[in-house]
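Here is the structure we will look at.
The values are calculated or read from the model by the stated rules, or taken from the named source; none is laboratory data. Note that this is a predicted model, so its numbers are computed, not measured. Glycine also receives a Cβ, built like all others from the backbone with ideal geometry; neighbour counts cover every protein chain displayed.
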Amino acid sequence: MSGDNVEEDRIVVRGTEILPSDPRQRYREKIARVAFDSMAQFVGLLDARGTVLEINKAALDTAGITLADVEGKLFWTTFWWQVSKETSTELREMIARAAEGEFVRWDAQIYGRAGGKETIIIDASLTPVMDDAGKVVFICAEGRDITEMKAREHAARQEAELLHSLFMQAPSLILILRGPDHVIELANPPVCQSFKRSPEELLNRPLFDVMPDLRDQAFPALLEGVYRTGVPHFGKETPATFVRRGGTSETVYFNFVYSPFRNFTGEIDGIFVIASDVTEQVMARNQVDELRRAAESANRAKDEFLAMLGHELRNPLSPILTALELMKLRGEAGSERERTVIERQVTHLTRLVDDLLDVSRIARGKVELKTELVEMAEVIAKAIEMASPLLEQRNHTLTLDVPRSGLRVEGDPTRLGQVISNLLTNAAKYTPPGGDVFVRAEQVGDEVVLSVRDTGIGISPDVLPSIFDLFVQGRQALDRSQGGLGIGLTIVRSLIERHGGSISARSEGPGKGTEFIVRLPAAVRAHDVSDRAETPERLRKPTVPPGSARILIVDDNEDGAQLLAQVLTGRGYDTRVAHDAPTALRVAREFAPDVAFLDIGLPVMDGYELASHLREIPGLEGLRLIAITGYGQDSDRRRTRKAGFHHHLVKPVDIDAIEAALNMRSAPDAE
């Protein structure tokens with residue numbers, strides 16, 4: 001900044017005359033130089049033409065040069081600006097603008113070190129310095145290295161672009177809502193598709209201005225709550241009703257999350273929304289629910305039909321059996337064979353009805369097991385007693401290998417007896433006359449294993465895997481001499497599984513016999529069951545001696561009621577008959593019965609209501625009530641017990657069962 005001609009070097013800036021020969025000026029120059037060189041960023045001084053006058057020491061050290069390497073050169077010709085022709089040309093234009101008195105600022109990519117190829121990015125600026133006459137005499141050049149900042153900005157921009165790309169490609173609905181008015185800043189294609197709006201219609205507009213049909217639903221309050229509290233909200237299968245073009249409405253179900261986001265000051269700035277359209281799943285589940293309800297309704301209708309079918313079938317069977325009892329009592333000659341045929345066929349039909357209703361109850365899990373500790377030998381003995389008529393009729397030889405005691409299980413003796421009786425009956429039916437049936441029981445590990453084997457027709461390999469399925473039977477002749485509905489083994493398997501056991505079948509093929517193997521968990525506890533067999537004897541104390549009891553029979557089946565009355569009269573009981581409830585009440589007041597047999601399905605007033613009214617008659621408070629009905633499901637038995645009946649007999653009922661009910665002491669809750 002020195003010169004020989006004082007007049008040429010004389011400069012006045014802000015009233016201060018700059019004279020190199022002035023000692024005070026040199027003092028100030030020293031101070032300015034110290035400050036100038038201490039600056040970390042690039043600082044240089046140019047004249048109005050762009051010639052380099054000064055460069056601070058930090059900039060020279062960074063570049064690896066001295067002031068002499070650049071002093072007196074036009075700034076745009078120095079090495080910094082030789083990255084490209086465009087770079088140096090841009091600087092020259094910027095200097096021209098600064099020489100006109102304009103402050104200019106821009107980002108520039110320059111070389112960082114002389115002789116190197118590494119570039120840096122600087123925040124460059126040119127500040128004009130004017131004298132008091134308004135003429136630009138100097139230009140102050142500054143440059144701040146912003147390479148790292150630009151790299152961070154670039155990385156952030158790339159990350160934002162990647163995130164935006166991911167949002168736009170995501171299958172879920174994604175919205176970015178900004179500010180308290182929930183202005184849509186981003187809406188990906190699934191949002192546009194769901195809202196039936198283009199991006200131009202959605203972006204930079206408040207959500208509820210674009211979608212006014214959502215304003216009266218739950219969403220405004222939910223968004224406001226999240227924006228106000230900063231607590232996210234999770235929505236599950238929330239319905240949103242949209243009014244589509246044309247005025248039609250459509251309900252769409254969403255799972256969604258409203259998540260608040262904050263600005264750099266920590267204040268909530270908006271809400272990030274991610275949602276999934278689950279309409280198809282909701283509609284499919286609703287359809288499945290409807291189908292399930294329809295199936296349950298159909299199942300209930302089927303069960304009611306089966307119950308009614310059983311009732312209607314049992315009603316005519318009951319008088320037939322009673323008529324047979326009368327024929328036996330009267331000893332009428334010449335019809336023994338016919339009576340035998342009728343009795344056998346009625347018994348067969350009764351078994352079919354019982355099986356049909358049993359499989360329905362078991363399939364619905366409605367069978368209640370009354371479990372106790374039982375000896376398998378006793379259960380097997382009772383089962384043989386039930387199956388023996390068929391075994392004897394077909395002249396089979398039954399071989400037993402069963403210990404008298406020691407094979408104990410926790411089970412329902414009646415249902416286990418039903419299982420074994422069914423297996424024995426099958427063995428008898430499917431074995432040609434004169435065959436062999438073997439029953440074996442033993443304990444293997446912690447299981448009691450029962451085997452029922454025969455020398456009968458066997459099971460073909462194609463039928464064996466499905467032999468326990470409903471309505472499955474082996475091949476029969478056209479006359480179907482073995483009969484049955486193909487549901488007995490289904491009942492057997494279900495009952496065994498209810499006891500925690502299993503059943504399997506083995507056969508080497510047609511004509512080679514069959515073996516059924518039942519496995520039941522052996523009882524863990526050792527109980528003394530010696531007194532259990534005495535219980536029935538203690539209960540079987542006659543309470544209504546023949547000849548002294550008055551019995552009222554109420555049944556709308558006139559044949560059945562009259563025949564039952566004749567049988568009981570023949571056994572010494574005093575009987576009266578009524579075919580409806582009003583008649584029964586009138587007869588009861590006059591007759592004062594000790595016992596009343598009531599049909600449940602009576603006209604006008606059912607058996608439950610009649611029982612209540614009978615007990616209200618003075619003197620009949622201790623009346624014994626016996627239900628004799630075609631309804632035999634567990635729920636029916638519970639209902640009669642609750643209504644105060646002492647016994648529940650299911651039609652058709654033989655005379656021995658009636659006698660047992662008359663002579664059995666039992667409270668209403670004993671069964």
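Report yes if some residue within region 544-561 is hydrophobic (A, V, I, L, M, F, W, C), without any contact (Cβ under 8 Å) to a residue 40 or more places away in the chain, crowded, with 21+ Cβ neighbours inside 10 Å and not in a loop (DSSP other than H, G, I, E, B); otherwise report no.
yes
Pick from region 196-214 the residues that are among the hydrophobic types (A, V, I, L, M, F, W, C) and in a loop (DSSP other than H, G, I, E, B): which of them is nearest to V252 (Cα to Cα)?
M211
Among Q193, Q217, which is the only one that is farther than 18 Å from I268 by Cα, polar (S, T, N, Q) and in a loop (DSSP other than H, G, I, E, B)?
Testing whether each residue is farther than 18 Å from I268 by Cα, polar (S, T, N, Q) and in a loop (DSSP other than H, G, I, E, B) leaves just Q217.
Could you count how many residues in region 243-280 are in contact (Cβ under 8 Å) with a residue 12 or more places away in the chain and either assigned to a helix (DSSP H, G or I) or touching a helix residue (DSSP H, G or I) at 6+ places or on another chain (Cβ under 7 Å) (or both)?
Here the count works out to 9.
For region 85-105, give me each residue that is of a type outside the set (A, V, I, L, M, F, W, C) and touching a residue at least 12 places away in the same chain (Cβ under 8 Å).
Those that are of a type outside the set (A, V, I, L, M, F, W, C) and touching a residue at least 12 places away in the same chain (Cβ under 8 Å): T87, S88, T89, E90, R92, R97, E100, G101, E102, R105.
Filter region 373-395 for residues that are at pLDDT below 90 and either charged (D, E, K, R) or outside the structural domain of D412 (by TED's automatic domain parsing) (or both) and give the result.
Residues satisfying the conditions are K382, E385, E392, R394.
Could you grab the pairs with beta carbons closer than 8 Å, sequence gap of 6+ or different chains, first residue in region 367-378 and farther than 16 Å from P521 by Cα, second one at pLDDT below 80?
V367/D358; V367/R361; V367/D634; E368/D634; E378/A533
So which residues in region 37-51 are of a type in the set (G, A, S) and part of a loop (DSSP other than H, G, I, E, B)?
A40, A48, G50
Which one is modelled with the lowest pLDDT among residues in region 73-106 that are of a type in the set (S, T, Y) and loosely packed, with under 13 Cβ neighbours inside 10 Å?
S84
Conditions (1) out of contact with any Asp or Glu (no Cβ under 8 Å at 6 or more places or on another chain); (2) in the same structural domain as L564 (by TED's automatic domain parsing); (3) under 19 Å from A661 (Cβ atoms), marked per residue:
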{"residue": "T575", "(1), (2), (3)": "yes, yes, yes"}
{"residue": "P582", "(1), (2), (3)": "yes, yes, no"}
{"residue": "R586", "(1), (2), (3)": "yes, yes, no"}
{"residue": "I600", "(1), (2), (3)": "no, yes, yes"}
{"residue": "P603", "(1), (2), (3)": "no, yes, no"}
{"residue": "Y608", "(1), (2), (3)": "yes, yes, yes"}
{"residue": "G619", "(1), (2), (3)": "yes, yes, no"}
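Within region 600-624, how many residues are hydrophobic (A, V, I, L, M, F, W, C) and in contact with a Gly (Cβ under 8 Å, 6 or more places away or on another chain)?
Residues flagged as hydrophobic (A, V, I, L, M, F, W, C) and in contact with a Gly (Cβ under 8 Å, 6 or more places away or on another chain) within region 600-624 amount to 2.
Need pairs with beta-carbon distance below 7 Å; first residue part of a loop (DSSP other than H, G, I, E, B) and of a type in the set (G, A, S) and within region 462-477, second modelled with pLDDT of 50 or more and surrounded by 11 or more Cβ atoms within 10 Å (Cβ to Cβ); sequence gap 6+ or separate chains.
Once the first residue is part of a loop (DSSP other than H, G, I, E, B) and of a type in the set (G, A, S) and sits in region 462-477, its partners that are modelled with pLDDT of 50 or more and surrounded by 11 or more Cβ atoms within 10 Å (Cβ to Cβ) give G474/I459; G474/S460; G474/V463.
Within region 443-461, restricting attention to residues that are in contact with a Lys or Arg (Cβ under 6 Å, 6 or more places away or on another chain) and part of a strand (DSSP E or B), which residue is surrounded by the most Cβ atoms within 10 Å (Cβ to Cβ)?
My answer is V449.
Checking the condition modelled with pLDDT of 85 or more and either in the same structural domain as M376 (by TED's automatic domain parsing) or touching an Asp or Glu at 6+ places or on another chain (Cβ under 6 Å) (or both), which residue from S466, S460 passes?
S460
Condition test on L166, is it farther than 19 Å from E54 by Cα and surrounded by 13 or more Cβ atoms within 10 Å (Cβ to Cβ)?
The answer is no for L166.
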